[in-house]
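Asks: Sending over a structure as structure tokens; questions will come in a sec.
Coordinate-derived values only; no laboratory data. It should be emphasised that the depicted structure is a prediction, and the values quoted were computed from it without experimental measurement. Quick reminder, even Gly has a Cβ in these numbers, built from the backbone with ideal geometry, and neighbours come from all protein chains shown.
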Amino acid sequence: MIPLLELTSLGKTYATGHGPSVIVKDFNLRVSEGEFVCIVGHSGCGKSTVLSIAMGLNDATEGGVIVAGREVIGPGLDRGVVFQSPALLPWLTARENVLLAVEHRWG
């Protein structure tokens with residue numbers, strides 16, 4: 001069975017003034033359709049980084065992400081995320097915020 005989500009040798013490193021900062025290293029995950037998965041860890045361990053890479057909102061330094069048999073190379077309408085804090089554009093109404101995705105897909 002082909003996994004719905006596959007993260008292979010995922011890594012994320014940021015350059016800092018003190019040298020490279022490795023946030024995620026050699027992370028692997030396979031999730032099949034119908035599975036429910038939780039990523040648990042202490043604050044700052046890279047959970048949100050892994051999810052943002054899977055969503056296409058952040059680029060991996062190493063490895064890759066495949067969703068439904070297609071490589072993730074950026075954000076897409078086939079994936080969604082619920083942020084911990086509000087992520088709306090404050091100058092738009094709630095309706096206008098929702099319409100951004102609709103117009104991007106159908107506009």
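Asks: Net charge around Leu5, counting only other residues with Cβ within less than 13 Å of its Cβ (Lys, Arg = +1; Asp, Glu = -1)? Present the calculation step by step, with values, prior to reporting the outcome.
Replies: Numbers: positive: Arg30, Arg70, Arg79; negative: Glu6, Glu33, Glu35, Glu71, Asp78.
After counting each charged neighbour, the total is -2.
Asks: Another question about this same structure. Residue by residue, what Karplus-based ³J(HN,Hα) values in Hz, rounded to whole numbers, does segment 39-56 have, using 6.51, -1.76 and 1.60 with θ = phi - 60° and x for Gly and Pro?
Replies: Karplus-based 3J(HN,Hα) across segment 39-56 equals 9, 10, x, 6, 4, x, 7, x, 4, 5, 5, 4, 5, 5, 5, 4, 6, x Hz.
Asks: Restricting things to Cα coordinates, could you compute the convex hull volume per residue of the chain in Å³?
Replies: Values: hull volume 16.2 nm³, N = 107.
That works out to 151 Å³ per residue.
Asks: Still on this model: I'd like to compare 77-85, 27-35, 46-54: which one has the highest average count of other Cβ atoms within 10 Å, and what's the full order after that? Before the final figure, lay out each step's value.
Replies: On the way: 77-85: 8.7, 27-35: 12.4, 46-54: 18.2.
Highest to lowest by the protection proxy: 46-54, 27-35, 77-85.
Asks: Quickly work out the Ser52-to-Asn28 label distance, labels modelled 7 Å from Cα along the C-beta direction, and quote it in nm with one decimal.
Replies: Placing both labels 7 Å along Cα→Cβ, they lie 2.6 nm apart.
Asks: Can I ask one more? Can you pull the Kirkwood radius for segment 50-107, inverse mean 1/r over Cα pairs, to one decimal in Å?
Replies: 13.0 Å
Asks: Sticking with this one: Please give the contour-minus-distance gain from Trp91 to Tyr14: 0.36 nm per residue of separation, less the Cα-Cα distance, rounded to one decimal in nm. Don't skip to the answer; put the middle values down first.
Replies: Details: separation 77, 0.36 × 77 = 27.72 nm, distance 3.14 nm.
So the extension gain works out to 24.6 nm.
Asks: With runs of 4+ DSSP H residues as the only contributors, calculate the mean residue ellipticity of the chain at 222 nm using -39,500 (n - 2.57) per run, divided by the residue total and rounded to the nearest 500.
Replies: Values: 2 runs with 22 residues, N = 107.
The helix-only estimate for the chain comes to -6000 deg cm²/dmol at 222 nm.
Asks: Quickly rank 12-19, 1-8 as a protection proxy: mean count of other C-beta atoms within 10 Å, highest first.
Replies: Values: 12-19: 10.0, 1-8: 15.4.
Going by the mean number of other Cβ atoms within 10 Å, highest first, we get 1-8, 12-19.
Asks: For segment 16-22, just list the computed ³J(HN,Hα) in residue order, Karplus coefficients 6.51, -1.76 and 1.60, θ = phi - 60°, integers in Hz, with x standing in for Gly and Pro.
Replies: 10, x, 10, x, x, 10, 7
Asks: To the nearest 10 degrees, how steep is helix 94-106 against the longest Cα principal axis of the chain, on a 0 to 90 scale?
Replies: For 94-106 against the chain, the angle is about 80 degrees.
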